[in-house]
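Have a look at the structure below before the remarks.
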Amino acid sequence: MTVPVLQCGSPSIEAALRELLGRYDLKLVMHPAGTALPGTWWGEPEAGIIGRVVHVRPDTPLHSALHEAGHVVCMDPARRARLHTNAGGDDLEECGVCYLQILLADALPGVGRTRLMQDMDTWGYSFRLGHTAAWFREDAADARTFLRAHGLIDAHDRPSFVCRGATAPAPGAESDATLPAID
């Protein structure tokens, strides 16, 4: 039996996700179960994005919320300023988004990268090496280079908690040295 993916409706996940996104000066909006989600590209229950707001419902997969937040973080300021539903971007940015969402899972108590990668596999993310963990370990050098080049992760692969092109971190967004470093 497959374990269901983590969803945003768990009170502990919602609170931690709200705090995490706030470190990027992003807002999480939890919509009631069964209602339409603004800004969703893939349709409900997938997360939606409009500007700096990530829209979810209780049944929205956590990996979807982290992925869409990652798009907001990784896109350039001009696209972010007009963002509504379609993140756009290129393949390299998409790889950066996938890598960042995995790193951000470590900042969520009780989640972590291993669980998030399992959820990504369960949901159907597709990587050349067959599963998310293999891609993350063996085939994501381009994603790390992209994230480092834009100041989104440090030399130890810890999130910087700044959006691409930001002139300063959001208030309270200092890097988190407690997150595991990847060497």
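Might you check whether a residue that is of a type in the set (D, E, K, R) and closer than 19 Å to L147 by Cβ occurs anywhere in the stretch 98-119?
yes
Return a yes/no flag: does the stretch 117-133 have any residue that is modelled with pLDDT of 95 or more and basic (K, R).
no
With respect to H63, determine if the residue is modelled with pLDDT of 95 or more, out of contact with any strand residue (DSSP E or B) (no Cβ under 8 Å at 6 or more places or on another chain) and not charged (D, E, K, R).
Considered against the rule, which asks whether it is modelled with pLDDT of 95 or more, out of contact with any strand residue (DSSP E or B) (no Cβ under 8 Å at 6 or more places or on another chain) and not charged (D, E, K, R), H63 comes out as yes.
Every residue in the stretch 91-133 that is among the basic types (K, R) and in contact (Cβ under 8 Å) with a residue 12 or more places away in the chain, please.
Of everything in the stretch 91-133, those that are among the basic types (K, R) and in contact (Cβ under 8 Å) with a residue 12 or more places away in the chain turn out to be R113, R115.
Could you please find all residues in the stretch 135-153 being without any contact (Cβ under 8 Å) to a residue 40 or more places away in the chain and surrounded by 15 or more Cβ atoms within 10 Å (Cβ to Cβ)?
Correct list: W135, F136, R148.
For the stretch 154-167, how many residues meet the condition of being in contact (Cβ under 8 Å) with a residue 40 or more places away in the chain and under 14 Å from the mean Cα position of the chain (by Cα)?
Qualifying residue count, the stretch 154-167: 6.
Using beta carbons and a limit of 8 Å, which pairs, at least six apart or on different chains, have the first residue in the stretch 66-86 and closer than 15 Å to W41 by Cβ and in contact (Cβ under 8 Å) with a residue 24 or more places away in the chain and the second one assigned to a helix (DSSP H, G or I) and basic (K, R)?
Between residues of the stretch 66-86 that are closer than 15 Å to W41 by Cβ and in contact (Cβ under 8 Å) with a residue 24 or more places away in the chain and residues that are assigned to a helix (DSSP H, G or I) and basic (K, R), the close pairs are V72/R80.
Could you run through the stretch 48-62 and say how many residues are in contact with a Phe, Trp or Tyr (Cβ under 9 Å, 6 or more places away or on another chain) and either in a loop (DSSP other than H, G, I, E, B) or surrounded by fewer than 20 Cβ atoms within 10 Å (Cβ to Cβ) (or both)?
Within the stretch 48-62, residues that are in contact with a Phe, Trp or Tyr (Cβ under 9 Å, 6 or more places away or on another chain) and either in a loop (DSSP other than H, G, I, E, B) or surrounded by fewer than 20 Cβ atoms within 10 Å (Cβ to Cβ) (or both) number 1.
Find the residue count for the stretch 103-112, including only residues that are part of a helix (DSSP H, G or I) and surrounded by fewer than 19 Cβ atoms within 10 Å (Cβ to Cβ).
The qualifying residues number 1.
The values are calculated or read from the model by the stated rules, or taken from the named source; none is laboratory data. All of these numbers come straight from a predicted model, not from anything done at the bench. Heads up, the Cβs are rebuilt from the backbone with ideal geometry, glycines too, and the neighbour counts pull from every protein chain shown.
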